[in-house]
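Report on the structure given below.
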Amino acid sequence: MCIALLRGKNAQLDIISQQHCIIKYAKYTGLKLDQTKIDQTKIDNSQDDRVLEDRKEFKRFLRSLKQGANLIVFDLCMLSEDMSKLLKIFDFLFGKSINLTCKHKNATLESK
C-alpha cells in the first residue's frame, strides 16, 4: 500500500504543487500511478504548532496505516517542523514497518 500525504496548512508549498511533485517523482522512479500502487492521498489540515497529541485527525491517519505501507511526503516538514515531534512520528512509523519517502530530498527511510 502506497499513500501520499499532502499538507494543507503549509507555508512552503500548496497542495497542488505537493501533489504535482509527488506524481512527477513517482513517474521518475517508475512507481506506477494506479490503484494498486498509490492507494490514497491524505490531506492534513492540522496546525503544526499544536502538540502532536492534539492533532487528532493526523494521529487517526497514522493509526490507519497498515503494517508495511509506504508513505510519500514532499518534505519532512509535512509531518512536522519540530524535531521532537518528527522523532515520535518516525518511531511510530518504523514500529509498524512503514517506509517513508521524502520527495524533496529524494530519500527513503526504510523501516527494515
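The values are calculated or read from the model by the stated rules, or taken from the named source; none is laboratory data. These numbers come from a predicted model, not from an experiment. Every residue, glycine among them, receives a Cβ derived from its backbone with ideal geometry; neighbour counts consider all protein chains shown.
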Any hit, the range 12-21, residues being over 13 Å from the mean Cα position of the chain (by Cα) and modelled with pLDDT under 75 = yes
ask   = Which numbered condition trips up M1, out of (1) modelled with pLDDT under 80; (2) more than 17 Å from E110 (Cα to Cα)?
value = (2)
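Scan the range 54-98 residue by residue and report those that are in contact (Cβ under 8 Å) with a residue 40 or more places away in the chain and either part of a helix (DSSP H, G or I) or out of contact with any helix residue (DSSP H, G or I) (no Cβ under 6 Å at 6 or more places or on another chain) (or both).
Pass one, the range 54-98, residues in contact (Cβ under 8 Å) with a residue 40 or more places away in the chain: 61, 65-66, 68-75, 77-79.
Passing the criteria: F61, L65, K66, G68, A69, N70, L71, V73, D75, C77, M78.
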query = On the given criteria, is S46 of a type in the set (S, T, Y) and at pLDDT 85 or above?
reply = no
